[in-house]
Structure formats: structure tokens, C-alpha cells
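Visitor: Structure provided below as C-alpha cells; questions to follow.
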Amino acid sequence: MKHQTIDQLHAVAKIETSAAYSAMTRNQRLERWAELLEQHPERCLAAFTGTEYLHLEERASLRGDGSALAVAFDDPVLRASGLKDDTYGEARRFFKLSDWQLHEIVCDCHVGATMKAHWAAARVRKTLGGNGFLTWLKQRIMY
């Protein structure tokens, strides 16, 4: 193995440190997720069935291949920022969403068994809306 300086490595590879990503705010994380979904707006994503009816433990461990949560977890930037897996519970923690907010994004009761990625992106962006006192109060009550 040959030792190389950072400058030498830059000549042959793009180097990104995870430190820049670990400081992402909640809104930056949500914005990144929405952008990932919008990259393929017509992509069909799997929806989760009846999240509001599941017990807390069952809901927290819920995951699905091809879901909006899987899209987030596939992103190296979000993983570097601390996203540990593609479960409902981890997404709720990482994106600092209430159950109802995450339900609005991933549950089948709004769209059926599948949803278009642009629809999920719009729902993610909806959680970003508003900067006033009522939004602040709602976030304090919902968490």
C-alpha cells in the first residue's frame, strides 16, 4: 500500500467528508429526501398498510423494499448524517416527524398500494411548510 497525500488523492478521486453532512438541520434532511424522490418523479413506490392501526413496536420496525423510506436510506448523504436504516421508526427519529406526519407520507390509505415518487415528495415538502408561531406550536405538540 502506497501512502498518498490528500492532494494526491484529490487528483484521482472525489473526497467528501461526512462531517459536512452530520450538521444538516431537520429541514435540510427533509429537503434532501424530497429532492431524492423528485429525481425519478414517476417511480412507483410501495406504500405501507394501515400504519395508524399498528402497535408502536410493530410500526417502528415497519419497512419495505421500494418504499419512500428505502429511497432515503439509499442516499449516502443521509446515511452519513445519521440515518441508520429504512424503518418507519428510524425515519420518524431521523427526520423528526410525528406519527401523523410520517403517516401522511408513507401510508396506503391516501394512495393505495403504490404511490408516485412526486406525490411522496410533495408530502415530504408539506412537512416543511410554515415558519410561524402556529407551526412551531404544532411541532411541539406533535413530538
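Since every read-out is calculated from the coordinates, none of them should be taken as a lab result. These numbers were taken from a predicted model, which means no experiment stands behind them. All Cβ positions, even for glycine, are placed from backbone atoms using ideal geometry, and neighbour counts span all protein chains on display.
Visitor: In terms of modelled amide H atoms, which long-range or inter-chain residues lie less than 5 Å from the amide H of Ser67?
Guide: Ala46
Visitor: Additional query: Dividing the Cα radius of gyration by the Kirkwood radius, what Rg/Rh value follows for region 48-96?
Guide: So for region 48-96, dividing Rg by the Kirkwood Rh gives 0.97.
Visitor: Continuing with the same structure: Using unit Cβ charges (K, R positive; D, E negative) and no other charged atoms, how large, in debye to the nearest 20, is the dipole of region 26-142 about its Cα centre?
Guide: For region 26-142, the charge dipole is close to 520 debye.
Visitor: Work out from phi, with θ = phi - 60° and the Karplus expression 6.51 cos²θ - 1.76 cosθ + 1.60, the ³J(HN,Hα) of each residue of region 63-79, listed in order in whole Hz, and give x for Gly and Pro.
Guide: With coefficients 6.51, -1.76 and 1.60, one gets 8, x, 4, x, 8, 4, 5, 5, 4, 4, 5, 5, 7, x, 5, 5, 5 Hz.
Visitor: Can you give the FRET efficiency to the nearest 0.05 for Cys44 and Ala23, using r as the Cβ-Cβ distance and R₀ = 30 Å?
Guide: For R0 = 30 Å, the calculated efficiency reads 0.35.
Visitor: Would you mind checking the radius of gyration and Dmax of region 26-142 based on alpha-carbon positions, in Å?
Guide: Considering region 26-142 through its Cα atoms, Rg and Dmax are 13.3, 38 Å.
Visitor: Then there's this: Note the full-extension length gain between Glu31 and Val12 as 0.36 nm times their separation in residues minus their Cα-Cα distance, in nm to one decimal.
Guide: On the way: separation 19, 0.36 × 19 = 6.84 nm, distance 3.07 nm.
3.8 nm is the gain from fully extending Glu31 to Val12.
Visitor: For the ranges 52-58, 62-68, what's the packing order if you count other beta-carbon atoms within 10 Å of each residue, average per peptide, and put the highest first?
Guide: On the way: 52-58: 10.4, 62-68: 17.9.
With the highest mean Cβ count within 10 Å placed first, the list reads 62-68, 52-58.
Visitor: For Trp100 and Leu54 in the same chain, what is the full-extension length gain: residue separation times 0.36 nm, less their Cα-Cα distance, in nm?
Guide: 15.3 nm
Visitor: Apply 1/(1 + (r/R0)^6) to the Cβ-Cβ distance of Lys126 and Asp85, taking R0 = 22 Å, and write down the FRET efficiency to the nearest 0.05.
Guide: 0.35
Visitor: Sticking with this structure for a sec: At 0.36 nm per residue, minus the direct Cα-Cα distance, what do Val111 and Ser61 gain on full extension? Give it in nm, one decimal, please.
Guide: 15.8 nm
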